[in-house]
Amino acid sequence: MANFQMKRVQQCTHGKLWNSSSEALTLTDKKVWQGSHYADFPEIIEDGDSSEFIHESVTDDADSHGSVAGLVYRRRDGTKWVVAWSNPLYENSKFGYIASIEIDPVSRSPTMKASFDITQPKQTLANQSTYKATMANFQLKRVQQCTHGKLWNSSSEALTLTDKKVWQGSHYADFPEIIEDGDASEFTHESVTDDADSHGSVAGLVYRRRDGTKWVVAWSNPLEENSKVYTDIQRQPVHWGQIKTNLEKRGKPKFKVTKFGYNASIEIDPVSRSPTMKASFELEA
C-alpha cells in the first residue's frame with residue numbers, strides 16, 4: 001500500500017541524455033504511450049554534451065496515467081539511438097535501453113539516465129554502481145585537453161627533430177627542435193575538440209643522431225579511450241603508416257626497446273585527461 005501511495009502521486013520522469021558519439025545527435029522521432037504529449041524533448045544533443053527534459057504524467061486521464069515514452073536520435077551516418085522508459089502509475093518502473101539507460105523504479109519523480117557512445121560499445125549496465133563507474137570515466141576523458149611531453153636525451157650527443165606526424169590534435173604544437181645530450185625538453189600537444197575528425201592528441205616524432213640512428217616517439221591520447229604509447233629505434237627511413245599500426249596494435253602504457261646499442265623507453269598515464277608522456281633515449285649500459 002505504501003508503494004502504491006508513492007506511485008499514485010507520481011508526476012513526471014526526469015531525463016538526462018549524454019552524447020559522446022563524435023558528432024551531434026538529432027531527434028527524428030518520438031512516441032508517447034502514457035503521459036504528456038507536449039514535453040520539450042531535446043531536439044539536438046551536441047557531441048560531448050548532455051541534455052535534460054521532464055516528461056509529466058497526465059493524472060487526469062485514466063488512459064494515460066504515468067510516463068511511458070520513447071525517443072529516436074540520429075547521427076548523420078544514419079545510425080539511430082533508441083531511448084525508451086516505462087514509469088507507469090501502478091507498477092514499478094522498468095528500464096529499456098539501447099546503449100545504456102536506467103531509472104529509479106520506485107521514485108515518484110525519477111531521473112531517467114541514458115548514455116550513448118558509438119566508439120566504445122559497452123555491455124548492458126546491470127546496476128547503478130557499474131553505471132556510475134562508466135559515467136565517471138566518460139566524464140574524465142570527455143574533457144581531455146592535451147598531452148604533456150617530456151623527453152630525456154642521454155645518448156652522448158644532441159638529438160635533432162627530423163620528422164613529425166599529427167593524426168589527431170593541433171598541428172601547431174611547439175615540439176623541441178633539438179635536445180642536447182644530458183638535457184630534457186618539454187612540450188604540450190593540445191587536442192582539437194571543435195573538430196569531429198581530430199578529437200584527442202595522437203602524434204609521433206622522430207629525433208636523429210649524427211650517426212643516422214633515429215628515435216621514434218609516438219603517443220595516442222584519444223578522447224574516449226585509454227592512452228597508450230610506442231617507441232622504436234631505427235636506421236632505415238621511418239614509415240608513418242607502420243608506426244601508426246604499431247601504436248594501435250602494440251602500444252601500451254609503458255613500452256621499452258633496445259637496439260643498436262641504445263635504450264628507448266616511454267610511458268603515459270592511461271586514464272588521465274591530460275597525461276604527461278615521459279620518454280628517454282640513452283646509451284645501452
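Side notes on the structure shown:
- Taking the range 249-276 as the range and being surrounded by 13 or more Cβ atoms within 10 Å (Cβ to Cβ), of a type outside the set (Val, Ile, Thr), over 19 Å from Ser156 (Cα atoms) and in contact with a Ser or Thr (Cβ under 8 Å, 6 or more places away or on another chain) as the test, the residues that pass are Gly251, Pro253, Phe255, Asp269, Pro270, Ser272, Ser274, Pro275.
- In the range 192-216, residue surrounded by the most Cβ atoms within 10 Å (Cβ to Cβ) [restricted to those that are of a type outside the set (A, V, I, L, M, F, W, C) and at pLDDT below 75]: His199
Yes/no matrix, rows are residues, columns are (1) at pLDDT below 85; (2) assigned by TED's automatic domain parsing to the domain that holds Glu224; (3) out of contact with any Lys or Arg (no Cβ under 8 Å at 6 or more places or on another chain):
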| residue | (1), (2), (3) |
| --- | --- |
| Lys7 | yes, no, no |
| Glu23 | no, no, no |
| Thr28 | no, no, no |
| Asp40 | no, no, yes |
| Glu52 | no, no, no |
| Thr59 | yes, no, yes |
| Val72 | no, no, no |
| Glu91 | yes, no, no |
| Tyr97 | yes, no, yes |
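- Qualifying residue in the range 11-20 (condition: under 16 Å from the mean Cα position of the chain (by Cα), modelled with pLDDT of 85 or more and in a loop (DSSP other than H, G, I, E, B)): yes
- Scanning the range 223-246 for residues that are over 20 Å from Leu159 (Cβ atoms) and crowded, with 21+ Cβ neighbours inside 10 Å yields Leu223, Ser227, Lys228.
The values are calculated or read from the model by the stated rules, or taken from the named source; none is laboratory data. Please read these numbers as outputs of a predicted model, since none were measured by experiment. Because the Cβ atoms are built from the backbone with ideal geometry, glycine has one as well, and the counts that use them run over all protein chains shown.
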